[in-house]
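The values are calculated or read from the model by the stated rules, or taken from the named source; none is laboratory data. Here the structure is a predicted model, which means the values were calculated and not measured. Every residue, glycine as well, gets a Cβ built from its backbone with ideal geometry; the counts of neighbours run over all protein chains shown.
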Amino acid sequence: MKLNILLSHPQKEIRKCVAETIEQSGNNCMETDVLRPEEIGLRDDIDLVFAPFFSEKQEPSEVLEMVGNVGNPPLLVTFVEEDDPETQYLLYTSNIFDAIPMVCEPDLIRLKLELYRQYVYLGKRAAGYHGRDVVTGLPGRELFRKELREEMYRCDHMPGFLSITLLNVDFLLLQARQSSMEYVVEFVRRVGNYLTTVVRSKDKVYHIFPEQFVIMHPGANELTSEKAARRIKESLYEEAKSWPNGNLRFSLSTGSSTYSPSDKISEEDLLEAAYENLNWERKFQALPQKVVTSSEPGEEPKVILVIDDDPVTRAYLDKLLTKEGYQVLLAESGQKGRQLLEEKRPQVVLLDWMMPGLDGMEFCRRVRSTPSLCSVYIIVLSMISGTESVVYALETGADDYLSKPLHDKRQELLARIEVGFRIQKMQEKALQAERLQGVLEMAGAFAHEINQPLTAMAGLVDLLFLDLDKNHPGFNVADRLKKQINRLGKLTKKLNHITRYETVEYPDGIKLFDIEKSADG
C-alpha cells in the first residue's frame, strides 16, 4: 500500500531531503512551501501530512489545528526542533498524530512511514474504534485526557494520590533492513499488549502517540509510582528479548509524576512533570543487547529439519527459522526427510502429520526403531487438534505437538523448538556421562590388570642391566624395552586421570576414544 503524502516546509533543502526518503520508501510525495487547509479539504486522497509544528513566530501552527477540523482528515505529522516538556504538552493537546525531529536520519523516517502506513490501512477499516488506537486496541489520547480529569477530580473530593507513568519506545536503526521496518508495527502492538498484563487491576494503559504509552495508577504515591515504572521497564526489557526483532534496536524511557489534593497542580503541570522526567532519563538509557538464537562460537550449529508437503508452510518456516539464526533443511515428503535425517543429523524435526506416501505416523515409527536416529526431537505440526490426536502422536513417537495454523503461534513454536534443543543438549550430556562412566570403569580395570605385569617386566629388565655390559649387543635391546615399559606406565597413569569423553576422527568417519585429550595432567 502506497501512502499519498503532502509535504510542507518553507525550506526547499529540507523538503528535498525528506521527499527523496518518502519516494525511496515506495510512497507518493507532493510538495508545497506553505500548507493551506483548503487544499486538503478539497482532496480526499491525502493520507498523511508532514508540516512544521511551529510557525515563523514559534507559535503552534494554526494551519495544523485547522486541518484537524476537515472531514476525514489525514494523519498529521509535524517537524519539531526541540523535544522539551512544554512542546510535548502542546503536541499532546493538539490534533497531531506524531512528531519527528527537524533533522533526522532517513532510516528513522522510513521506519516511521511503515508505522504510519499501518495506521492508515487499519484506520480505514476500523469502524467503531472511536477513541481507541487501531494497532494496539488500547484507549487513546482522548479517553486518557477525559479519565485523567475524572481521577484528578476524585482525588480532590476523596483525598488520595494519583500517579501517571509515561513509557516511550525509542527505535534506533543501524544499517536498517526491511525486516526491521516491518517489525516495528508488531513491536508496538506487543508492547501495548504486554503492558496490560503487568499493571495492577485498577491501573489503565493508554496509547497516546505511536511509540508512547501512559499508565494511570489510581491511589499510588510518588514512591509507589517510581517503583512501578522501574518494574514495568525492566520486565518489558526481559520480555522483549524473546521477541524476534530483526535489525531493530530500541531503548525504553519512563517518566512519572504524582498528583495529590495538596498539590493543586493542573493537568498541564502533571503531564509536563512526567515528560521532564522522561526526557532526563532518555539521555542515560543504555540499549539492551540483541538476543541471537544461533549457536555460540565453538558450539554445534542448531539444525532444524522441516518436513511438510505444503510449499507455503515450508517457505514460511524457512524464513522464520533462518531469521532466528537456525540452519534449516527442507523436505517435501517423508521419504526425503528420512534421507536428510540420516545424512545431516539435525537435532530437531518439524513434521507434518498428514502427508502422502510416508506420513508423520510411519515416519515416527521408523525413526524410533532406528538406534542411530532415535534421539532426534520431533515436533508434530497438524491441522487436527484435540486431546486424542495429541495422545496418539506422542504414543507413536513424537516429542511434542502443535496445531496449525502457525502464523499466530510464532512465539509458541520458537519456544517449543528451544525446549527441543535444550532436551537434546541434556540428553547429549547424559550420554557423555554414560560413555565417560563406561570408559572410566574400563580404564580402571585395564590399568589395574596391566600394572602388575608391567612392574614385573620392569624388574626383569633391571636385572638384565646388572648382567649386561654396555657394549653387549643385548644392552640396546634391553634399553629399548625399558623405554616401552615406561611408556606403558605413563599410559596407565593417564587412564587413571580421565575426566571427560573426547574422540578423534579417522578416515571413513571412524571415531576412536582420544586418551590424550580426555585426561588431565
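Observations, loosely collected:
- For region 366-395, filtering for residues that are without any contact (Cβ under 8 Å) to a residue 60 or more places away in the chain, assigned to a strand (DSSP E or B) and touching a Ser or Thr at 6+ places or on another chain (Cβ under 9 Å) leaves 2.
- Of the residues in region 150-168, none is at pLDDT below 90, part of a strand (DSSP E or B), of a type in the set (Asp, Glu) and in the same structural domain as LEU252 (by TED's automatic domain parsing).
- Selection within region 380-396 - surrounded by 19 or more Cβ atoms within 10 Å (Cβ to Cβ) and touching a helix residue (DSSP H, G or I) at 6+ places or on another chain (Cβ under 6 Å): VAL380
For (1) part of a loop (DSSP other than H, G, I, E, B); (2) at pLDDT below 75; (3) among the small types (Gly, Ala, Ser); (4) loosely packed, with under 11 Cβ neighbours inside 10 Å, each residue gets a yes or a no:
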position: LEU414; (1), (2), (3), (4): no, no, no, no
position: ILE423; (1), (2), (3), (4): no, no, no, no
position: LYS429; (1), (2), (3), (4): no, yes, no, yes
position: LEU440; (1), (2), (3), (4): no, yes, no, no
position: ALA478; (1), (2), (3), (4): no, no, yes, no
position: GLN484; (1), (2), (3), (4): no, no, no, no
position: LYS494; (1), (2), (3), (4): no, yes, no, no
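- Complete set of residues in region 15-38 that are surrounded by fewer than 16 Cβ atoms within 10 Å (Cβ to Cβ), in a helix (DSSP H, G or I) and over 35 Å from the mean Cα position of the chain (by Cα): LYS16, GLU38
- ALA398 more than 22 Å from VAL312 (Cα to Cα), in contact (Cβ under 8 Å) with a residue 12 or more places away in the chain and not in a loop (DSSP other than H, G, I, E, B): no
- Among residues of region 178-204, those that are among the aliphatic types (A, V, I, L, M) and in contact with a Gly (Cβ under 7 Å, 6 or more places away or on another chain), counted: 0
- Filter result for PHE171 (modelled with pLDDT of 85 or more and of a type outside the set (Ser, Thr, Tyr)): no
Here is a yes/no grid of residues against (1) among the polar types (S, T, N, Q); (2) under 30 Å from the mean Cα position of the chain (by Cα); (3) at pLDDT 85 or above:
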{"residue": "PRO73", "(1), (2), (3)": "no, no, no"}
{"residue": "GLU82", "(1), (2), (3)": "no, no, no"}
{"residue": "THR93", "(1), (2), (3)": "yes, no, no"}
{"residue": "GLY131", "(1), (2), (3)": "no, no, no"}
{"residue": "THR136", "(1), (2), (3)": "yes, yes, yes"}
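- Applying a threshold of 8 Å to beta carbon distances and a minimum spacing of six or more residues, or different chains, the list of pairs starting in region 31-47 at a residue that is farther than 23 Å from TYR119 by Cα and ending at one that is modelled with pLDDT of 80 or more and not small (Gly, Ala, Ser) reads THR32/LEU6; THR32/LEU7; ASP33/HIS9; ASP33/PRO10; ASP33/LYS12; ASP33/ARG15; VAL34/PRO10.
- Filter result (buried (at least 17 other Cβ atoms within 10 Å of the Cβ) and either in the same structural domain as PHE97 (by TED's automatic domain parsing) or modelled with pLDDT under 85 (or both)) within region 207-228: SER225, GLU226
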